[in-house]
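**Student:** Below you'll find the structure I mean.
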Amino acid sequence: MPTERFVAARPSASFSCLPQLLEHQAKRIPDAPAILAPGRAPLTYGRLYQHIEKIGHTLRAMGIGRHDRIAVALPNGPEMAVAILTVATNAVCAPMNPAYGAEELDRYFSGLRPRALITQAGSDSPACRVALSRDIPVVKMSSAFDAEAGLFMLTGDQKGTPSHESASPSDVALLLLTSGTTSRPKIVPLTHANICASACS
């Protein structure tokens, strides 16, 4: 069981988009811890929001826009938690289990059709090999272990700067993949409104 966790800090108002919710928390309680992990300095809401904004610029420099699907195959840890929030805020995040085999991943990539895959730097995982076989760009994450829990850098090809589109409540933020034990795997979309309603509850 992962030991890192989100620290509950209920927003005082209702929001329908992740960027608005995260910005509100960053302004309301900037010094409160948002992510904790053993042996690491806590990541505050203020620093979390700054990091999400910074990585958003990096993604856009790679040509990734608001409606692009990004597969994220990372091991459990604070970086994975922050990566999912970051991608869901700036694009459409599809978390994937890095332990899946090549055949299973190939089925997921076939249905998902991601714009890119984010995986750990130095990893030669099946996800990387399947992505490359399908000409899907692989973006490498490098953890900043000497910084607060969850901070990281991304490395990939720079392919331009698409216009920064703000998320709307009906935009998809997360694509959850079912296991497909009874049939072909299914993709379950969650909108910004879905996620913010759950968070505010």
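The values are calculated or read from the model by the stated rules, or taken from the named source; none is laboratory data. A quick note: this is a predicted structure, and the numbers were derived from the prediction, not measured. Just the protein is used for accessible areas: all its heavy atoms, side chains included, with ligands, DNA and RNA removed. Shrake-Rupley method; radii C 1.70, N 1.55, O 1.52, S 1.80 Å.
**Student:** Membrane-span-like helices in the chain: DSSP H runs reaching 27 Å or more (Cα, own axis), mean Kyte hydropathy at least -1.0?
**Tutor:** Span-like helices, by this rule, are absent here.
**Student:** Per residue, how much accessible area does segment 73-191 show when a 1.4 Å probe rolls over the protein heavy atoms, in square angstrom? Working shown, then result.
**Tutor:** Values: 5730 Å² over 119 residues.
That works out to 48 Å² for each residue.
**Student:** Quick query: amide H of residue 96 versus all other amide H atoms, modeled in the peptide plane; which residues come in under 5 Å with a sequence gap of 5 or more or a different chain?
**Tutor:** The list, which skips near neighbours in sequence, is 72, 73, 74.
**Student:** How would segment 64-177 be classified by its alpha-carbon gyration tensor: rounded, prolate or oblate, with rounded meaning a/c under 1.5 and the a/b versus b/c comparison settling the rest?
**Tutor:** Rounded, since a/c falls under 1.5.
**Student:** Mind sorting out which of (1) 1, 7, 13, 15, 13, 9, 7, 6, 5, 5, 5, 4, 4, 3, 2, 1, 1, 0, 0; (2) 1, 6, 12, 16, 16, 16, 12, 8, 5, 3, 2, 1, 1, 0, 0; (3) 1, 8, 16, 20, 21, 18, 11, 5, 1, 0 is the real P(r) over Cα pairs in 5 Å bins from 0, in percent computed from the coordinates?
**Tutor:** Entry (3).
**Student:** Same structure again: Using a probe of 1.4 angstrom, how much of the accessible area of segment 76-164 is carbon and sulfur, in percent?
**Tutor:** Carbon plus sulfur share of accessible area: 50 percent.
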